[in-house]
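Enquirer: This is the structure I have questions about; it appears just below.
The values are calculated or read from the model by the stated rules, or taken from the named source; none is laboratory data. Bear in mind that the values here come from a model prediction, so they are computed numbers and not experimental data. Neighbour counts are summed over all protein chains in view; Cβ atoms, including those assigned to glycine, are modelled from backbone coordinates with ideal geometry. For accessibility, only protein heavy atoms count, side chains too; no ligands or nucleic acids. Shrake-Rupley method; radii C 1.70, N 1.55, O 1.52, S 1.80 Å.
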Amino acid sequence: MTRKYDDRNMMAIMKTHPSRKEQSHERIVDVAARAIRRAGYRGVGVADIMKEAGLTHGGFYAHFASRDALLVEAMQQAGRDSQITLSQAVERRVAKGHSRFAALVQAYLHDMHMERPEQGCVVAALASEMTRQDDAVRDEARRRVASLVEFVRAALPAGTDPDQGEVVTATMVGALQLARTLGGAAGRALLAQTREALIHKHQPSLDH
């Protein structure tokens, strides 16, 4: 039997099957999102990103108006990826009986995020470089910071001053950056000390 489709049905079908160009675009952004967390803004070289994505260098401008446009999308993707990963880690700890705040601190300041920055927070990966970027990239960087602060604020214990969201965020991001600089046992010790200090300050009655 021949199946007929009107224009509306055809549009719905087309939307559920990304075009080859859309698939290529997503692949470029995925590669750049990993690179930007691993090596910072300088780690997103157009030629290297296109090569890793399995595409030609010359095809870049069919997808992006500029390298900055790619950086913006890469930050957005990296932010989504890291927040999903962090949320999942928090929920696993909450399911085991941890408070949401303790779970957040433990998950964010996990040793793995010191040793594998490409799996960690995009803000921690880029904060020291953000102010040196062009306006569009800096604007997106500010949105990434604001999103992380809101995520942290939502996990604060009941009755905590919401302004502590910024303080806790700054403490965690800074600790993770310093731990990566120190590396090894010294870095892991710093993360452990910061976890202990934050949880003790905001939930001193917890046995963690």
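Enquirer: From the residues 87, 205, 182, which one has its Cα farthest along the dipole of the chain in the positive direction, the dipole being from +1 and -1 charges on Cβ of Lys/Arg and Asp/Glu about the Cα centre?
Expert: Sorting the options by dipole projection puts first 87.
Enquirer: A further question on this structure: Could you tell me how many degrees, from 0 to 90 and to the nearest 10, lie between the Cα long axis of helix 20-39 and the main elongation axis, the longest principal axis, of the Cα atoms of the chain?
Expert: Taking Cα atoms only, the helix is inclined about 30 degrees.
Enquirer: Check each of the trypsin sites (Lys or Arg not before Pro) in the range 88-126 and keep only those in coil by DSSP with at most 11 other C-beta atoms within 10 angstrom; list them in order. Don't jump to the answer; show the numbers that get you there.
Expert: On the way: sites: 92, 93, 96, 100; in loops: 96.
Passing sites in the range 88-126 are 96.
Enquirer: How many Å² of accessible area per residue for the range 139-201, probe 1.4 Å?
Expert: Accessible area per residue: 51 Å².
Enquirer: Here's another thing I want to ask about it. Of the residues 59, 174, 159, which exhibits the maximal mean-square fluctuation in a Gaussian network model of the chain defined by a 10 Å Cα contact cut-off?
Expert: Checking each option, the largest mean-square fluctuation is seen for 159.
Enquirer: Moving to a separate point now. Could you check how many percent of all C-alpha pairs in the range 134-206 are farther apart than 21 Å?
Expert: It works out to 38 percent of all Cα pairs.
Enquirer: What number, rounded to the nearest 500 deg cm²/dmol, is the helix-based mean residue ellipticity at 222 nm of the chain, given -39500 (n - 2.57) per DSSP H run of at least four residues and division by all its residues?
Expert: -23000 deg cm²/dmol
Enquirer: Here's a follow-up. How large is the Rg to Rh ratio of the range 64-151 when both quantities use alpha carbon positions and Rh follows Kirkwood?
Expert: For the range 64-151, the value is 1.03.
Enquirer: Beyond 26 Å, how much of the Cα-Cα pair distribution for the chain remains, as a whole percent?
Expert: So the pairs more than 26 Å apart make up 44 percent of the total in the chain.
Enquirer: Given the options 61, 41, 108, state which has the largest fluctuation in a GNM of the chain using a 10 Å cut-off (strictly under) for Cα springs.
Expert: 61
Enquirer: Would you please report the Å³ per residue occupied by the convex hull of the alpha carbon atoms in the range 71-121?
Expert: Once divided by residue count, the hull of the range 71-121 is 63 Å³.
Enquirer: Follow-up. Search the structure for amide H atoms under 5 Å from the amide H of residue 64, placed 1.01 Å from N in the peptide plane, and list their residues when 5 or more places away or on another chain.
Expert: none
Enquirer: Under a Cβ-only charge scheme (Lys and Arg +1, Asp and Glu -1), can you give me the dipole magnitude of the chain about the Cα centre, in debye to the nearest 20?
Expert: Rounded to the nearest 20 debye, it is 520 debye.
Enquirer: Considering the Cα trace of the range 15-123, what is its radius of gyration and what is Dmax, both in angstroms?
Expert: Taking only Cα atoms of the range 15-123, I get Rg and Dmax of 16.4, 52 Å.
Enquirer: Still on this structure, I have one more. Using a 1.4 Å probe on the protein heavy atoms, what percent of the accessible area of the chain belongs to carbon and sulfur?
Expert: Accessible surface attributable to carbon and sulfur in the chain totals 51 percent.
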